[in-house]
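One structure is given below, encoded as structure tokens.
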Amino acid sequence: MTTMLDRKTSWQDRLAYQWGVLKPFALVLALGLVAGPLISNYMGWQVTSGAANRENHAVAVRQQAMVCDAMARSDTPNASTLDWGARRSLAEKFAVMPGRQEAESGVAMACSEMLARP
């Protein structure tokens, strides 16, 4: 059985034949390159930079609040018995991290919530 490539043909005919053979693979590759990232993003397999930054900030706030909680409890052991305002001022006092002039509001709030627990 002879194929189109066996005969003496022009380069345009050979190219058209090869394109006919490779066209389904090229279309599937193009579809995968377009649909793959969309599907993986929908499935949650990708992490955007904004989500990563928010998560990193939340972890940093949580760690700083834990340090604030430990320092405040060493100063005032019965911190959970204080009213909200006193806990908040105690948290703001110990939430100031080294090298900063004032406490970050998220750290002070998280520390205050931790101080409310017995």
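Throughout, read-outs are computed from the coordinates displayed, never taken from laboratory work. All figures in this text were calculated on a predicted structure; none of them were measured in a lab. Using ideal geometry, Cβ is built from the backbone for each residue, glycine included, and neighbour counts are taken over all protein chains shown.
Quick notes
- Being under 16 Å from the mean Cα position of the chain (by Cα) and among the hydrophobic types (A, V, I, L, M, F, W, C) is true of VAL59.
- Residues (in a helix (DSSP H, G or I) and among the polar types (S, T, N, Q)) located in segment 53-110: ASN53, ASN56, GLN63, GLN64, SER74, SER80, THR81, SER89, SER105
- Residues that are surrounded by 13 or more Cβ atoms within 10 Å (Cβ to Cβ) and acidic (Asp, Glu), drawn from segment 53-78: ASP69
- Filtering segment 6-20 to residues that are surrounded by 10 or more Cβ atoms within 10 Å (Cβ to Cβ) and part of a helix (DSSP H, G or I) leaves ASP13, ARG14, LEU15, ALA16, TYR17, GLN18, TRP19, GLY20.
- Residues of segment 10-62 classified as closer than 30 Å to ALA91 by Cα, touching a helix residue (DSSP H, G or I) at 6+ places or on another chain (Cβ under 9 Å) and not hydrophobic (A, V, I, L, M, F, W, C), total: 2
- Residue match in segment 12-32 (condition: of a type outside the set (Ser, Thr, Tyr) and touching a residue at least 40 places away in the same chain (Cβ under 8 Å)): no
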